[in-house]
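Participant: Quick one: the structure is below, questions incoming.
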Amino acid sequence: MAEADTHPSSAPLTHEGHAILFPPLPYDMHERADAAVKDTALLSAIESATMGKYEGRKQMCARAFGDDYPAMRKLAGDIKQHTLDHLDFYLEQFIERAEATGAQVHFAADGAQANAICLEIAKRENCRSCVKSKSMVTEETGLVTALEGAGIETVESDLGEFIIQIDHDAPSHIVTPMIHKTRREVAAAYRRELGVDCTEDPEELTKIARKHLRDIYRKADLGVSGANFLVAEDGALVLCTNEGNATFSVTAPRVHVAFVGIEKLVPTRRHLAVMLKLLARSSTAQPITVYTDILTGPKRVGDAHGPEQMHIVLVDNGRSAILADPALRPSLRCIRCGACLNACPVYRKVGGHSYGAVYSGPIGAVITPLLRDPAGYKDLPNASSLCGACYQACPVHIDLPTLLIELRKRLVEQGKPKRIERLMYRAYAASLKSPWRYKLSQWLGRKWLRMTADRDGFVHRTLPPGRAWTDHRDLPAPAKQSFHQWWRKEKGTKAQRHEGKSEIRNQK
Amino acid sequence: MSSNKAQFLDSIRQALGRTQPTSTAPVPTPVDESIARLARPEDDLPALFAERAAKLGMEVKHTTHDRLAKALVDELEQSGVRSVVSALDNPAMAGALCNAGIEALDWRVDRSMAACYAADAGLTGAAAALAETGSLVLQSTPAVGRGLPLAPPLHVVVVEAGQILADMLDLWSQPVQPPPAWQGLISGPSKTSDIEGVLIQGVHGPERVVILLVDDA
Ligand code: SF4
């Protein structure tokens, strides 16, 4: 919540990307969602990026764990839940052990504090140039804008984030941030921003970034990262990437600053193993990410490479408020694998930017209102069909649909329902008062909807209040006859009904 | 500037409904190995490791102690490597490289990142390997730095069959005290599919990882 107050005002909105992730509140997601749904190129890009991973995850997990897969997810969920339930203990243990390795631990109640800590370190250590690996928490706090505002040139090193940065765009997926972009847009951004002559060949585009970033690594004196996990027993900080950019970013520069949400803890390395076995399988259908870096403190005496200083900034930024709410606490188990985004039929249709925040998809719909502003993001918990695909995909067993329903309930309890909603519910209640009223209302409704339906069998536009629905979705026309009518005609002769009853009686 | 530690921990404690630090350590969730273990010590570990490392996109070459130096030189020559930084503490190999005309910089002589950036290949051993995934385990010690397996476009790593552990759970069965500043699980060449899902190797780290698996058995 603090972040919502501090971010947009304290940081200059230099990039369009910030308006995408930090829109003015209250945020109405319909405009962007409508545009996305009509953008066929975007839809096919998202579809191909997410469906492959969705299917791949299922295969990988089945192959690795077989029938034990549900038990494995339960185990991982239990581990994270236990750690959250005793987070005070594990945090204290982590701090003590991390400090024993020579790392310096800092504490930030909100995003502004976290950024200020980083700036203070950069200033004290006289850092001029920063290379940064992908981190959701730094997106949350707007660290890049803060660093650049202080005159510290900052370059994202994850290829996707790098491209997004030079194109002044914003990530649209928590794992694969640029699934909404085409190679053509990438090449155009390279020509415009890097001044290079290039084709649209992904291989060539990647190699140009490699060369460009090599120079950045050489030059940078500050390396910023997030963390996928923290291990309480030995104070380790764990980074998982496929490109190796995080390894570089925390190896080459002399000062390493890591921003970490307090929910990233696990008790021991054996618990870490359980998480690693699930993370990459759930995320990108790999058995493990290419690079898993486990960092405990700055470089030791005798080590050749590594930073001279390691700073770990523990970031609360609204998390302790979620922790304090037992019904919502499970949302903090999230290991940001992105599986629920890939599984979500709504995310696949509207894309990440429609969520108007750093976190999108089902997990974003839960934590964005909680971390920032429930009233400002009241569309998000409603942007779900509650089909449960996210729950099935989640490696730490977060019951996302139940959390979404809980948030909806709270929104209704807090806010006043609209007059039209009250009228509708009153009419609905009246129609349920007797069987004939019910049948009559059903008959009328069916007639009317069938009249307004197009030839394709869908209602595209109807009168208010139904228009609130058809403005954003199509409604399938109801069947010719009701189930009641069908039953009476096909099966429901009196004699059959009688037989049925006597059969039941006989069985008793 | 930063809220201090006591205040920070207090807010967490309050969120959990506690007023005092817990006096007894909580008992962490047991890791049920019947569920979580994906490879067993009694499995054929070298075979499993070789198969899975290959699946991760690493090239596995089987060799023996006697033939190691030749295998290394063959590999480098085939790859067109002119210069290496070597952290392999093995005089026979150093001699073989020299005879083959490959410019070999001994890690102990130049441990700079600059040398790693300049080399065509980095040669290292491994601290362990994992049959479960096919991963290499490297650690920062005075004898090898974390830039060496990372910066050159080719990483050649010598793994002894006896170094292969079954599962991650075996690597971390005991807490390492004190832990090295860096422990890296390397599981393939550096890769991305950020641009339209096209898989490309060698984004920041090596384009190729070659494993010389020494198995005299
Ligand atoms: S909620 Fe679950 S599925 Fe979604 S990103 Fe988090 S861990 Fe992955």
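Participant: Do any residues of the range A:80-104 show a loss of at least 40 square angstrom of accessible area between the isolated chain and the full protein assembly, using a 1.4 Å probe, and if so which?
Facilitator: A:His82, A:Asp88, A:Phe89, A:Glu92
Participant: Keeping every protein chain present and rolling a 1.4 Å probe, give me the accessible area per residue for the range B:42-214 in Å². Please list the in-between numbers first.
Facilitator: Details: 6450 Å² over 173 residues.
Counting only protein heavy atoms, the per-residue value for the range B:42-214 is 37 Å².
Participant: Out of the DSSP beta bridges found with both residues in the range A:192-342, what percent are antiparallel (nearest 5)?
Facilitator: In the range A:192-342, DSSP labels about 40 percent of beta bridges as antiparallel.
Participant: Could you work out the local net charge near B:Leu68, counting Lys and Arg as +1, Asp and Glu as -1, over the other residues with Cβ closer than 12 Å to its Cβ?
Facilitator: Charge balance in the 12 Å sphere: -3.
Participant: Ignoring ligands, DNA and RNA, how much accessible area is buried between chains B and A, both sides summed, with a 1.4 Å probe, to the nearest 100 Å²?
Facilitator: The contact between A and B buries close to 7400 Å².
Participant: Okay, moving on. Could you please state, rounded to a whole Å, how far the C-alpha centre of the range A:226-280 is from the C-alpha centre of the range B:1-34?
Facilitator: 20 Å
Participant: With a/c under 1.5 counting as rounded, go ahead and sort the range A:8-321 into rounded, prolate or oblate using the C-alpha gyration tensor (a ≥ b ≥ c being the square roots of the eigenvalues; past the cut-off, prolate if a/b is larger than b/c, else oblate).
Facilitator: Details: a/c = 1.44, a/b = 1.11, b/c = 1.30.
It is rounded, given that a/c, with a ≥ b ≥ c, falls under 1.5.
Participant: Work out, step by step, the length gained on full extension between A:Leu463 and A:Trp443: first 0.36 nm times the residue separation, then minus their alpha carbon distance; give nm to one decimal.
Facilitator: 5.4 nm
Participant: Looking at chain A, send over the antiparallel percent of its DSSP beta bridges, to the nearest 5.
Facilitator: Antiparallel: roughly 30 percent of the beta bridges in chain A.
Participant: Remind me, relative contact order of chain B in percent, using alpha carbon pairs under 8 angstrom and six or more residues apart?
Facilitator: Normalised by residue count, the contact order of chain B is 25 percent.
Participant: Partner chain Cβ atoms within 10 Å, averaged over the residues of A:228-241 - can you pull that number for me?
Facilitator: Averaged over the peptide's residues, the number is 2.
Participant: Also: Would the range B:109-213 count as rounded, prolate or oblate if I go by the C-alpha gyration tensor, calling it rounded below 1.5 in a/c and otherwise prolate when a/b exceeds b/c, oblate otherwise?
Facilitator: Here the range B:109-213 falls in the oblate category.
Participant: To continue, here is another question. For A:Glu47, project a label point 7 Å along Cα to C-beta. Then give me every residue of the range A:153-196 with its amide nitrogen under 16 Å of that point.
Facilitator: Counting backbone N atoms under 16 Å from the label point, the list is A:180.
Participant: If I model a spin label as a point 7 Å beyond the Cα along the Cα-Cβ vector, how far apart are those points for A:His472 and A:Arg450 in nm?
Facilitator: Those two pseudo-labels are separated by 3.0 nm.
Participant: Using only Cα atoms, find the angle between the long axis of helix A:111-124 and the longest principal axis of chain A, and express it within 0 to 90 degrees, rounded to the nearest 10.
Facilitator: 10 degrees
Participant: Using helices alone, what [θ] at 222 nm do you get for chain A, with -39,500 (n - 2.57) per DSSP H run of 4 or more residues, divided over all residues and rounded to the nearest 500?
Facilitator: -15500 deg cm²/dmol
Participant: Counting partner chain Cβ atoms within 10 Å of every residue's Cβ in A:206-212, what's the average?
Facilitator: Averaged over the peptide's residues, the number is 4.
Participant: What distance in nm lies between label points placed 7 Å from Cα along the C-beta direction at A:Ala324 and B:His65?
Facilitator: Inter-label distance under the simple model: 6.5 nm.
Participant: Another question about this same structure. How many angstrom lie between the C-alpha centres of the range A:128-152 and the range B:145-197?
Facilitator: If we compute the Cα centre of each part, the gap is 28 Å.
Participant: Next up: Can you give me the distance in nm between label points at A:Ala429 and A:Cys198, each placed 7 Å from the Cα along the Cα-to-Cβ direction?
Facilitator: Simple spin-label model gives 6.2 nm for this pair.
Participant: Continuing with the same structure: Rank B:Glu196, B:Glu103, B:Glu42 by mean-square fluctuation in a GNM of chain B with C-alpha springs under 10 angstrom and give only the top-ranked residue.
Facilitator: B:Glu196
Participant: If you average the C-alpha positions of the range A:299-363 and of the range B:36-83 separately, how far apart do those two centres end up, in angstrom?
Facilitator: Here the answer is 36 Å between Cα centres.
Participant: While we're looking at this one, here's another question. Give the average over all directions of the projected area of the C-alpha convex hull of the protein assembly as shown, one decimal, in nm².
Facilitator: Taking the Cα atoms of the protein assembly as shown, their convex hull projects to 38.6 nm² on average.
Participant: Using a Förster distance of 22 Å, how high is the FRET efficiency between B:Ala114 and B:Ser79, based on the Cβ-Cβ distance and rounded to 0.05?
Facilitator: 0.50
Participant: Please report, as a whole percent, how much of the solvent-accessible surface of the range B:42-214 comes from carbon and sulfur atoms (probe radius 1.4 Å).
Facilitator: Working: 3340 of 6450 Å².
Using a 1.4 Å probe with all protein chains present, the range B:42-214 comes out at 52 percent carbon and sulfur.
Participant: Return the average number of partner chain Cβ atoms within 10 angstrom of each residue Cβ along peptide B:111-117.
Facilitator: 3
The values are calculated or read from the model by the stated rules, or taken from the named source; none is laboratory data. Just so we're clear, the structure is a prediction, and the values are computed from it rather than from any experiment. Neighbour counts run over all protein chains shown; Cβ positions are idealised from the backbone, glycine included. The accessibility values were calculated without ligands, DNA or RNA, using every heavy atom of the protein model including side chains. Shrake-Rupley method; radii C 1.70, N 1.55, O 1.52, S 1.80 Å.
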